[in-house]
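The structure under discussion appears below in the form of structure tokens.
The values are calculated or read from the model by the stated rules, or taken from the named source; none is laboratory data. Nothing here was measured: the structure is a model prediction, and the numbers come from that model. A quick note on method: Cβ atoms are made from the backbone with ideal geometry, for glycine too, and the neighbour counts reach across all protein chains shown.
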Amino acid sequence: MSFLRRRKATERPHAEPHDIDTETDDVHDKKKTKPRPKLRPKRWSCVDTCYWLIGCIFSAWWFLLFLFSAMPASFPQYVTEAITGPLPDPPGVKLKKEGLTAMHPVVFVPGIVTGGLELWEGHQCAEGLFRKRLWGGTFGELYKRPLCWAEHMSLDNETGLDPSGIRVRPVSGLVAADYFAPGYFVWAVLIANLARIGYEEKTMYMAAYDWRLSFQNTEVRDQTLSRIKSNIELLVATNGGNKVVVIPHSMGVLYFLHFMKWVEAPAPMGGGGGSDWCAKHIKAVMNIGAPFLGVPKAVAGLFSIEAKDIAVARAFAPGVLDKDVFGLQTLRHMMRMTRTWDSTMSMIPKGGDTIWGSLDWSPEGYFNCSAKRLKNNDINTADKNGNGSLESTKRVNYGRIISFGKDIAEIHSHEIERVDFRMLIVLQGAAKGNNLTNATKCDVWTEYQEMGIEGVKSVADYKVYTAGSILDLLRYVAPKLMARGDAHFSYGIADNLDDPKYDHYKYWSNPLETKLPNAPDMEIYTMYGVGVPTERAYVYKLTPAAECYIPFQIDTSAEGGSEGSCLKGGVFSVDGDETVPVLSSGFMCAKGWRGKTRFNPSGIRTYIREYDHAPPANLLEGRGTQSGAHVDIMGNFALIEDIIRVAAGATGEDLGGDRVYSDIFKWSEKINLQL
Amino acid sequence: MKCWRRRRTRGRVLESPGTRLKHEGLTALHPVVLVPGIVTGGLELWEGRPCSEGLFRKRLWGGSFAEIFKRPMCWLEHLSLHNETGLDPPGIRVRAVPGLVAADYFAPGYFVWAVLIENLAKIGYEGKNLHMAAYDWRLSFQNTEIRDQALSRLKSKIELMYVTNGYKKVVVVPHSMGVIYFLHFLKWVESPPPMGGGGGPGWCAKHIKAIMNIGPAFLGVPKAVSNIFSAESKEVAFIRAMAPSVLDSEILGLQTLEHLMRVSRTWDSTISLLPKGGETIWGNLDWSPEDGHGCDFVKKGQPSMSDNNLNSSNGRSCFQVKDPVKYGRMISFGKAASQLPSSQLPTHDSKEFLHTSASTNFNSSCGEVWTEYDEMSRESIRKISENKAYTARTLFDLLRSVAPKMMRRAENHFSHGISENLDDPKYAHYKYWSNPLETKLPDAPDMEIYCLYGVGIPTERAYVYKLAPSDKCKNIPFRIDSSADGDAGSGLKSGVYFVDGDESVPVLSAGFMCAKGWRGRTRFNPSGMATYIREYRHKRPASLLEGRGTESGAHVDIMGNVALIEDILRVAAGATGAEIGGDRIYSDIIRMSERINLRI
């Protein structure tokens, strides 16, 4: 025993050189062969404790790992059941007992961001990443080589297609979007429940596409639309002629809208399927969290690439995002990257002031934002809104999607002094040239550097932007992006849908500028969560340092006065599913397409299914089975049940028709749109 | 010094063929379809029994195989098919993994298609012009269509790729059993519905540029026989010789081989790999097309097989002195029976024991593992072994008696004969479609067929069996006699006779159709499409660092062979067979083929 300790002691000088005197003593001791017993406890306490500690930690870690891997897979479920009582059967199991079986093939259309992307050809720095996921999965590469990652995720700034020498392609198959990151499900729960009633690979199809491209470019580059068409035809043919049920989510909704026009349009621009293709192949389109009319979040994303999440982060820890941690200018890199993605522009609010409200008017009018009240007695609030008797609620001008300063957001329109920045665009052409020198100073190039301080000021001087003028704003601050975007998307309202110009593909993803296909037996569902505050308008401010920075940011100090105020952290929110306001997801089905309208000439039936948000009761439930949030709703049991019933052959009437909690019908009535 | 130089030359070679050909200016032209073989494709669970909780959409086959160790019985139960129908057992759905991930890697780090895919990507291939035709390799070929519509999906995929890639025909690259699967597809797609795909007689000519068969098992593989007969092949026999107790003593409490046998006997597809063409192709009791070549290939240097043989340097003399090895006797009981002249062999009529079997099944209730052997009486087992030697023809009688259910099922799906008259209307039935000796190739004069395979590795060709010693109930009563070793140069080692091949498929099976059966305008190839043989001489990796080598000729490792990859890339980029140099032959396949007396 003592011998062992002695040996350790001789090793000590390596670890603690300042102990050298005692050590020399020690050597002397050795010669005398009799160690001094006093010193022992001291040595023990110092180094050995350290070793012991490390040893304990490692063995404990090893032991825990062992336990974890030996744990049966259903263990978490037992724990949950022990705490909360038996869980309800997942809908798939429940409906299988009812005798439902797979009938109509199912097509999933994932939304933006949720689909995986993998590398097929890259620059030197991406060595070894061939066919590895750049987007989705663990995002390991983002941390290992962030600049390389951003370079490969970007598209060409001019064409919106691949940069030279880089090919990043969507992952195909169900794995493309079943899980976004390990443990973070997107489609997986729905797939698992469908499998319970007999679905499998041959009756399910994930229409994965590169969500960074504009919709028509997915066809130009990857022939994705042709592949979807061929796959749907195959599904129908190999399943005894049963039409498909299409389930798009988020941006996938717009993508599929584009597809339905494309497939019936004649050959060079379209798919040449003939005018009855949709009627022959599609039973129902069940849109989940549909941003038919765009989302205000996209504006903030494009304007200063911050949405509520980032704004909150900035409020809590102001240092993190501003101070170039990691030595990289995070936000600006992100901005440069995301601005090459054309698809983000498909989500800009459509329909301008008619839909989203003008300076002094908005369809939501007096919405009460207190999430609690909303949840507990939504019927009451609906009544009150109708009577206009909510004195306590401040008047909110949702129509002003971007305002500079909180006061501006709230005062009456007559009192705002605006300087029209559009005039300045001409002047600025010259000014831009002067400021080019600045661009070289900053290692991250965004188009803001070209604008110059003058331009930035003039943007702020315009004070208030509505859905209509926001387009001009974006065209000014991001001219290249918008030049590309305007060639692929349109945001207006059609006066005359028979105008031949609407044959162009740029109108196909805008429900206000296209007719639905001629398929009277088809059904369109819009299914979305309600009861979560959703971004609707923003209060901006100028960033103090105007050089080398994104000059605008959300004014997180702007808070509404009362508790029920809709203004929090510089963001006005309304009812929605956290990303898409109710107005955008519900309006088309509530009014625009209801009955036989000019947008829906064949009178396709529409159904609104709302799911009231209930947060998970405890942590063990994960993301909840009654969630109404934009992505988490994919695990909502009620929604899954609806989908399975329709896939097994039910119609909208069988489900119970509309199920509405929000004020969508009231708001839709206020919108003055010729039908 | 020498070492250095080699490394430097290697350094130059290390540039992948894809990169090199890209510098030459090759780009993606024809869409490419990959057809994986047996065993290499992944299978995942879609519906299972309670014991498989939590495995939904997890791989049961391929990947890490973790579940075998965690719950072996459950795993076996889910991988079995129904014993009567050859389809799913009730309550279990196991399906093929789709997409390129199905067979790029078989297990982590063990590539199958990954190297080829990566090189194709270098010259511009990607998801839209590269497709993996994954199918459930346990099913008989027609059943993949009945259950999963796999053939319809492949047809639609090829048509789609043809259209979306500017009307360029596809290049198909099947491997191993995928070769005969695709042969089946060729017939299926042009046949009228309901049995066929209704593509019409011009479909193949319109959509397919070339079929580049890798390690093709056109005429079957002898390995499949031993697999079905006793669930062992060379690997298992070796293990038994090295450590006799491991496999016999039921460690882990499970009768490994018996379980494996029970599971693999529900897989109809294994039947497709049984030798086709009977004695005409594979030889009879006294004759085989490889006669005299056994020594010849040993001379080419296979230290792995018999090291001392290399030193004797005098390889050619051996086949003048000795009796030629009787490869035609695919299964013989006892080493002596494999070498005696046929006049001394007992001549039991092989039909005889068909009647005696299945009469007395006194053993069937014992043992937890049920294999069909339990139903057989000792009597018939003994009779089987008395019959001494079986050829490729009598083999089927043998199999019918030891695995009646399986053969009954499978013979509705596969046929192993040679057709007398190909215009006989009975050949419109799908069971003939995967046998190249009973079908005509489609009418597509511009199509090309390649046979690409490795040579220079000893490959199983015939077996010496013995009766298993135990009297206990249980157990497979036959096993390879691993004590039977031949003299140097006889090609017999551990109870297995070897010939030249790629470790799984003998040259004869891989090369014969391209060398003779389809060469020129024959009755099997009425439109006279061009065939090319490309052989790749096996070279073992120089060092451990090289992994599985870039010049390997082994059945699966050949997928990383740079010469093979280059050939495929060139053809995919538009070259024809003549442009890549026509035939390239190292083995004796031409002479062997000449010895086969088949009317063509």
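Some points to look at:
- Filtered residues of segment B:118-136 (kept if of a type in the set (Gly, Ala, Ser) and more than 10 Å from every other protein chain (Cβ to nearest Cβ)): B:133
- Segment A:574-619, subset among the hydroxyl-bearing types (Ser, Thr, Tyr) and touching a Phe, Trp or Tyr at 6+ places or on another chain (Cβ under 9 Å), residue farthest from residue A:261 (Cα to Cα): A:611
- Restricting B:176, B:191 to residues that are away from chain A (no Cβ under 14 Å) and touching a Gly at 6+ places or on another chain (Cβ under 6 Å) narrows the list to B:176.
- Leading residue by the ranking (surrounded by the most Cβ atoms within 10 Å (Cβ to Cβ)) among those in segment A:478-518 that are hydroxyl-bearing (Ser, Thr, Tyr) and within 28 Å of the chain's Cα centre (by Cα): A:509
- Only one of A:114, A:101 that is polar (S, T, N, Q) and loosely packed, with under 13 Cβ neighbours inside 10 Å: A:101
- One residue stands out in segment B:261-293 among those that are touching a helix residue (DSSP H, G or I) at 6+ places or on another chain (Cβ under 6 Å) and aliphatic (A, V, I, L, M): the one that is surrounded by the fewest Cβ atoms within 10 Å (Cβ to Cβ), namely B:263.
- Considering residues of segment B:46-72 that are touching a strand residue (DSSP E or B) at 6+ places or on another chain (Cβ under 8 Å) and part of a loop (DSSP other than H, G, I, E, B) only, the residue surrounded by the fewest Cβ atoms within 10 Å (Cβ to Cβ): B:64
- Test: residue in segment B:153-165 that is closer than 30 Å to residue B:501 by Cα and hydrophobic (A, V, I, L, M, F, W, C): no
- No other residue among B:116, B:160 is aliphatic (A, V, I, L, M), touching a Ser or Thr at 6+ places or on another chain (Cβ under 8 Å), assigned to a helix (DSSP H, G or I) and more than 25 Å from residue B:268 (Cβ to Cβ) apart from B:160.
- Segments classed as strands (runs of 3 or more DSSP E), wholly inside segment A:523-634, with at least 1 members that are at pLDDT 80 or above and farther than 20 Å from residue A:253 by Cα: A:532-542, A:571-576, A:605-612
- Residues considered: A:199, A:209. Of these, the only one that is buried (at least 21 other Cβ atoms within 10 Å of the Cβ) and either at the interface with chain B (Cβ under 10 Å from one of its Cβ atoms) or not in a loop (DSSP other than H, G, I, E, B) (or both) is A:199.
- Which numbered condition residue A:99 misses (of (1) over 22 Å from the mean Cα position of the chain (by Cα); (2) within 14 Å of chain B (Cβ to nearest Cβ)): (2)
- Residues that are among the small types (Gly, Ala, Ser), touching a Leu at 6+ places or on another chain (Cβ under 7 Å) and at the interface with chain A (Cβ under 10 Å from one of its Cβ atoms), drawn from segment B:32-70: B:52
- The set of residues in segment A:163-180 that are within 17 Å of the chain's Cα centre (by Cα) and hydroxyl-bearing (Ser, Thr, Tyr) contains only A:179.
- When segment B:97-117 is limited to residues that are more than 10 Å from chain A (Cβ to nearest Cβ) and not aliphatic (A, V, I, L, M), the one that is nearest to residue B:34 (Cα to Cα) turns out to be B:113.
- All of B:34, B:81 fail the test of being surrounded by 16 or more Cβ atoms within 10 Å (Cβ to Cβ) and not in a loop (DSSP other than H, G, I, E, B), apart from B:34.
Residue-wise test of (1) surrounded by fewer than 22 Cβ atoms within 10 Å (Cβ to Cβ); (2) of a type in the set (Phe, Trp, Tyr); (3) on the phi < 0 side of the Ramachandran plot.
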{"site": "A:593", "(1), (2), (3)": "no, yes, yes"}
{"site": "A:634", "(1), (2), (3)": "no, no, yes"}
{"site": "A:664", "(1), (2), (3)": "no, no, yes"}
{"site": "A:667", "(1), (2), (3)": "no, yes, yes"}
{"site": "A:675", "(1), (2), (3)": "yes, no, yes"}
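- Flag for residue B:568 being buried (at least 20 other Cβ atoms within 10 Å of the Cβ), closer than 16 Å to residue B:214 by Cβ and over 20 Å from the mean Cα position of the chain (by Cα): yes
- Residue match in segment A:230-237 (condition: touching a Gly at 6+ places or on another chain (Cβ under 9 Å), among the acidic types (Asp, Glu) and either away from chain B (no Cβ under 13 Å) or not in a helix (DSSP H, G or I) (or both)): no
- Elements of the type strands (runs of 3 or more DSSP E) sitting completely within segment A:103-195 and holding at least 1 residues that are within 11 Å of chain B (Cβ to nearest Cβ): these cover A:117-121, A:167-170, A:179-181.
- When each of B:160, B:139, B:154 is tested for being touching a Lys or Arg at 6+ places or on another chain (Cβ under 8 Å), crowded, with 21+ Cβ neighbours inside 10 Å and more than 10 Å from every other protein chain (Cβ to nearest Cβ), the lone residue that passes is B:139.
- Residue check, residue B:94 within 14 Å of another protein chain (Cβ to nearest Cβ), of a type in the set (Val, Ile, Thr) and surrounded by fewer than 21 Cβ atoms within 10 Å (Cβ to Cβ): no
- Pairs with Cβ under 7 Å, 6+ apart, first in segment A:281-297 and in a helix (DSSP H, G or I), second buried (at least 24 other Cβ atoms within 10 Å of the Cβ) and hydroxyl-bearing (Ser, Thr, Tyr): A:297/A:579
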